[in-house]
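Note sheet for the following structure.
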Amino acid sequence: MKKVFALVDCNNFYVSCERVFNPALEGRAVVVLSNNDGCVIARSEEAKALGIKMGAPAFKMEHEFRKYGVLVYSSNYALYGDMSDRVMQTLEQFTKRLEVYSIDEAFLSLNSSSHEEMTEYGRLIRYIIKKWTGIPVAVGIGPTKTLAKIAGKIGKKNPQLKGVFDIANHPRMDEILNAFPVGDVWGVGPQYEALLKRHGILTALQLKCAQDAWVKKHLTVMGLRTVMELRGVSCFSLEEMPMAKKGIMSSRSFGRPVESLDELKESIATYVAYAAEKLRQQHSAASILHVFLLTNRFKTEEPQYGNSATTILPVPSSYTPDLIRSAQELLEKIYKPGYRYKKTGVFLTEIVPQDRIQTNLLVPDYPHEKNRTLMKMVDHINARWGPDTVRFAAEGMEKEWHMRRNLLSPRFTTQWSEIPIVKIPNS
DNA sequence: TCTGGGGTCCTAGGACCC
DNA sequence: TCTGGGGTCCTAGGACCC
């Protein structure tokens, strides 16, 4: 049985999540801001129509937000993560052969059938997701992932297609690709788009017809794979099992400039705690720990400083207290007083499975069973009652440096007070 | 006052070895 | 004055994705 890829892509995902719990947002211009209320990262169709650009700094947009009555929200990742899980679980009703590609996108592997039947099936997926989760999606179907992505964009852009487009075995494939801008092809970013344009390649069809050797030379083998995919030769396969992360990064910009070492140490402890939790979720441990700090590069009139430091851990670890200690030691090495810092972060690399840690003869009986039990308890409590319910003292109590999230919607799906208390009758 | 936070893969070039 | 060639490993940097 011939297979095709279906890309299911949530429309304006973060805005749609806010709308599910607040229907008054329907029909209104709504935007969601990045961490620290920095820039626009999601826009409703109404907001796009007002010309609000993706990535626009929020402080420069305030006038327009007020003028047009745009509703503005801080990002609420606890909510979006939960809604994403619901969408993905619903998609599993259609096929188990599914790749969760990002928080708002999934590739499905489907049995190919006639154009009419595929389109009908796409409409069913769209209908069920909307019905069960409240999230509107677009569905693009194609013989390769790259073509499915293109089909998805076309389905979104043309209202008469009602969010579903099947490009597989389309009789007018080349005509469609000729109307599709090369910069919108998956894998072609701004740099490659400019390069291609300089060489007269403006559309997906022209890229499809480009010479292999030229493409490989200028766009590397990845670019050549994209070209093959445009020709209908599948080079990017369905990755059903998420690969364990090779590096875990955790960093945030501060809500205000930070100068004191003590506060920087709190921030580092906080980011280590996040990263270590992710590490434990994938049952792994990290061998190398990087720490960095930066001043605000946009403030050109202030003295600038940035540095990083790295250490190899005696034994790969996911035990938060040990990682905090190492990270804070690294921070002390690179900290210089007299600067106004904007951001710190940690990066864990050389990640290995927890059950295959080579124990170090110099550090016997490590990690201690007690440590693992403690981490399990912490993770369990935070999963049940919400992030940061229990945390490490080193993370600080007030966290005055913490990022701004002044426009946050309620935690509709994780707030403990929303869970009804059910009295269990005595039997 | 205010400009996000993660990730991936590939290539070139240097260090080092024989 | 001349100063090969091939291999590996590592790092930095550049491109992309959402």
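Every number in this text was worked out from the coordinates using simple rules, so none of it is lab data. Model, not experiment: these values are computed from the prediction. A quick note on method: Cβ atoms are made from the backbone with ideal geometry, for glycine too, and the neighbour counts reach across all protein chains shown.
Summary table
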item: Beta bridges by DSSP in chain A, antiparallel share as percent, to the nearest 5; result: 85 percent
item: For A:Asp262, A:Asp184, order by how many other beta-carbon atoms lie within 10 Å, fewest first; result: A:Asp262, A:Asp184
item: Reciprocal of mean inverse Cα separation for chain A (Kirkwood radius, Å); result: 24.6 Å
item: Backbone HN-Hα couplings from phi across segment A:20-37 [Karplus 6.51/-1.76/1.60, Hz, Gly and Pro as x]; result: 4, 9, 8, x, 4, 7, 4, x, 9, 6, 10, 10, 10, 9, 5, 3, 6, 6
item: Nearest 10 degrees, 0 to 90: helix A:115-133 Cα axis against chain A principal axis; result: 30 degrees
item: In degrees, nearest ten, helix A:145-157 long axis to first principal axis of chain A (Cα); result: 80 degrees
item: Top positive-direction residue, dipole computed over chain A with Cβ charges, set A:Val182, A:Thr311, A:Ala276; result: A:Val182
item: Ordering of A:195-206, A:126-137, A:72-83 by burial proxy (mean other Cβ atoms within 10 Å per residue, highest first); result: A:72-83, A:126-137, A:195-206
item: Positive-end residue, chain A charge dipole about Cα centroid, Cβ charges, pick of A:Met88, A:Leu161, A:Gly140; result: A:Leu161
item: Filter on A:Lys149/A:Lys197; A:Lys149/A:Lys278; A:Lys2/A:Lys246; A:Lys48/A:Lys149; A:Lys153/A:Lys299 - keep pairs with C-alpha separation over 31 Å; result: A:Lys2/A:Lys246; A:Lys153/A:Lys299
item: Burial order of peptide ranges A:284-294, A:215-225 (average beta-carbon count within 10 Å, highest first); result: A:284-294, A:215-225
item: Sites A:Asn111 and A:Asp379 - FRET efficiency at Förster radius 30 Å, r taken between beta-carbons, to 0.05; result: 0.15
item: Order by protection proxy (mean Cβ within 10 Å, highest first), peptides A:226-236, A:240-250, A:329-339; result: A:226-236, A:329-339, A:240-250
item: Within straight-line cross-link reach of A:Lys333, lysines at Cα separation under 23 Å, skipping those fewer than 8 residues along the same chain; result: A:Lys265, A:Lys342, A:Lys343, A:Lys399
item: Cβ-placed point charges (K, R +1; D, E -1), dipole of chain A about Cα centre in debye, nearest 20; result: 720 debye
item: Between helix A:212-230 and chain A: long-axis angle, C-alpha atoms, 0 to 90°, nearest 10; result: 70 degrees
item: Sequence of A:Glu64, A:Glu398 once ranked by neighbouring C-beta atoms within 10 Å, starting from the fewest; result: A:Glu398, A:Glu64
item: Other-chain or far-sequence residues with amide H under 5 Å of A:Ser113's (modelled H); result: A:Met118
item: Amide H contacts of A:Thr144 (H built 1.01 Å from N, under 5 Å, at least 5 apart or other chain); result: A:Phe5
item: Cβ charges +1 (Lys, Arg) and -1 (Asp, Glu), total dipole of segment A:235-366, debye; result: 400 debye
item: Alpha-carbon centroid distance for the pair segment A:209-257 / segment A:1-70, whole angstrom; result: 25 Å
item: Mean separation of Cα contacts under 8 Å, 6 or more apart, over the residue count of chain A: relative contact order %; result: 16 percent
item: C-alpha center-to-center spacing [segment A:130-202, segment A:77-112] in angstrom; result: 19 Å
